[in-house]
1. For region 11-131, what is the relative contact order in percent, using Cα pairs closer than 8 Å and at least 6 residues apart in sequence?
2. With θ set to phi - 60°, apply the Karplus curve 6.51 cos²θ - 1.76 cosθ + 1.60 along region 123-131 and write out the HN-Hα couplings as whole Hz, x wherever there is a Gly or Pro.
3. When the accessible area of the chain is computed with all protein chains present and a 1.4 Å probe, what percentage of it is carbon and sulfur?
4. Please identify the chymotrypsin sites (Phe, Trp or Tyr not before Pro) of region 1-105 that satisfy two criteria: DSSP loop assignment and at most 14 other Cβ atoms within 10 Å. Which are they?
5. Name the residues whose placed amide hydrogens come within less than 5 Å of the amide hydrogen of residue 104, ignoring near sequence neighbours (fewer than 5 apart) on the same chain.
6. Restricting to DSSP H runs of at least four residues, report the calculated mean residue ellipticity at 222 nm for the chain, -39500 (n - 2.57) per run over all residues, nearest 500 deg cm²/dmol.
7. Shape verdict for the chain, please, from the Cα gyration tensor: rounded (a/c under 1.5), prolate (a/b greater than b/c) or oblate.
8. Specify which residue in the list 68, 88, 114 is farthest towards the positive end of the charge dipole of region 67-131, using unit charges on the beta carbon of Lys, Arg (+1) and Asp, Glu (-1), about the Cα centre.
Amino acid sequence: MKKAELGVGLVGFGTIGTGVVKVLQRNADVIRGRLGVPLRLVRIADLDVERDRGVDLAGIRFDADSNGLIDDPAVDLVVELIGGYDTSRRLILRALERGKPVVTANKALLALHGKEIFEAAHRGGADVAFE
């Protein structure tokens, strides 16, 4: 059964994360046309929940709970943009274990832990995409 929309959870709301939010908002119609369903940002997790990033977060849950984001049934796809190795690895593996596809910009993590991550993706039946 095809879903009415694809819920996105964003982990990491720094400069890159803010840019991703702007792109998703600005290009929502184009993305919907290509996917066949709306891609909706439903949740963001970041340690700094006070700083204003200059983007409209109406209707988007925003808190510091990255584990809650991954476990949230409204989140179908996880975008990981926190960088580093330990926390990002743990969060990506958690998402993949739950069968949720992951998009990451963390190529260094994939170079170091790629075998483990791609094996987890295979076991969970989920994809890992990176740029």
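1. 21 percent
2. After applying 6.51 cos²θ - 1.76 cosθ + 1.60, I find 4, x, x, 10, 9, 10, 10, 8, 9 Hz.
3. So the carbon and sulfur contribution to the accessible surface is 55 percent.
4. Listed in order of number, the matching sites are 85.
5. So residue 104 has HN proximity to 80, 129, 130, 131.
6. The helix contribution divided over the chain gives -13000 deg cm²/dmol.
7. Oblate.
8. Most positive-ward Cα: 114.
The values are calculated or read from the model by the stated rules, or taken from the named source; none is laboratory data. All values reported here derive from a predicted model rather than from experimental measurement. Note that each Cβ is placed from the backbone with ideal geometry, even for glycine, and that neighbours are counted across all protein chains shown. Quick note on the areas: whole protein, heavy atoms, side chains included, nothing else; ligands and nucleic acids left out. Shrake-Rupley method; radii C 1.70, N 1.55, O 1.52, S 1.80 Å.
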